[in-house]
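The values are calculated or read from the model by the stated rules, or taken from the named source; none is laboratory data. Bear in mind the structure is a predicted one, so any value in this text is a computation, not a measurement. Cβ atoms come from the backbone with ideal geometry, glycine included; neighbour counts cover every protein chain shown.
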């Protein structure tokens, strides 16, 4: 049964090939040249569309994409280096400069206490202190574990939030890398 099917396809193929050969021989020389030229053009178009154009598009895409990815990688490396747990000396310098930039210069004492840090505030501006506590410890991979603050001084009628005194204890945030 399989051999019969193969024989049928072979005979059909031979018949089609002989018809094509007869048709080709019946064409004039100029017509044959035109058919060959058109076949070459169609083959060239297929090679262009299937092989060359997609490769050129990928090259153009990656030529534009590579500098952007390099910039992102450099930015990410910088962020990761900034987030890496610094040693205690560098962390202390960073904390002090952050506190000073937050308007708390002269109102705090910073001490390294065990695995964390102890901040003691004396009549620090409440706006600056609370703003710093809400945003900055996380950038040093620290978390506030205890805060004992009290309002000091008299309430000013000029709309300021007043002054705060007390202590804040911060430890290494869970999941953060330990300093090595």
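Here is a yes/no grid of residues against (1) surrounded by 10 or more Cβ atoms within 10 Å (Cβ to Cβ); (2) in contact (Cβ under 8 Å) with a residue 12 or more places away in the chain; (3) part of a helix (DSSP H, G or I):
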position: 5; (1), (2), (3): no, no, yes
position: 8; (1), (2), (3): yes, no, yes
position: 18; (1), (2), (3): yes, no, yes
position: 21; (1), (2), (3): yes, no, yes
position: 25; (1), (2), (3): no, no, yes
position: 38; (1), (2), (3): yes, no, yes
position: 62; (1), (2), (3): yes, no, yes
position: 70; (1), (2), (3): yes, no, yes
position: 96; (1), (2), (3): yes, yes, yes
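Screening region 143-179 for residues that are outside any strand (DSSP E or B), over 21 Å from residue 79 (Cβ atoms) and in contact with a helix residue (DSSP H, G or I) (Cβ under 9 Å, 6 or more places away or on another chain) and picking the one that is modelled with the highest pLDDT gives 162.
Total residues in region 128-142 satisfying the condition of being at pLDDT below 85 and either surrounded by fewer than 18 Cβ atoms within 10 Å (Cβ to Cβ) or in a loop (DSSP other than H, G, I, E, B) (or both): the figure is 5.
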